[in-house]
Amino acid sequence: MQFLVLTRRRMDVFPAESWTPELLEAEAQRIRELFTASIIRNAWRRKDIAGAALLIEAATEAEVRAAVESLPLAQLQMIEFPTLTQLDPYPGFAPR
């Protein structure tokens with residue numbers, strides 16, 4: 001199953017100097033590991049707010065939560081996940 005996860009950086013709690021290059025590289029490295037493991041299928045930076053949109057492949061919502069909670073920024077509570085939802089195929093592409 002595929003899931004959409006929208007993340008939001010907690011900029012209201014963590015000042016700009018909290019977002020160090022080393023921390024952001026650790027986050028990127030974990031994203032690459034999850035991508036290589038075929039858990040994260042795609043990742044985008046959001047344009048509306050500081051955060052990301054992740055397309056995740058998993059059997060259950062619990063697996064998705066475990067994956068996103070393994071991110072360094074999540075472990076430090078610097079990001080939150082306001083949207084985590086399972087996706088169903090669009091029926092308009094089905095044969096008629």
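Each reported figure results from applying straightforward, stated rules to the coordinates on display, with no laboratory input. What you see is a predicted model, and the numbers here were worked out from it, not measured in a lab. Virtual Cβ from ideal backbone geometry, glycine too; neighbours counted across all protein chains shown.
Side notes on the structure shown:
- A cut-off of 5 Å between modelled amide H atoms, ignoring neighbours fewer than 5 places along the same chain, links Arg46 with Gly51, Ala52, Ala53.
- HN-Hα J in Hz across the stretch 21-38 - Karplus 6.51, -1.76, 1.60, θ = phi - 60°, x for Gly and Pro: x, 5, 5, 5, 5, 4, 5, 4, 4, 5, 4, 4, 4, 5, 5, 4, 7, 6
- Per-residue [θ]222 nm for the chain (sum of -39500 (n - 2.57) over DSSP H runs n ≥ 4, rounded to 500): -9000 deg cm²/dmol
- A simple spin-label model places the labels of Ser70 and Asn42 2.2 nm from each other, with each point 7 Å out along Cα-to-Cβ.
- Its residues counted as N, the chain yields a C-alpha radius of gyration over 2.2 N^0.38 Å of 1.17.
- For the stretch 4-45: rounded, prolate or oblate by the Cα gyration tensor [a/c cutoff 1.5]: oblate
- The slack in the chain from Thr83 to Thr60, taken as 0.36 nm per residue of separation less the alpha-carbon distance, amounts to 6.7 nm.
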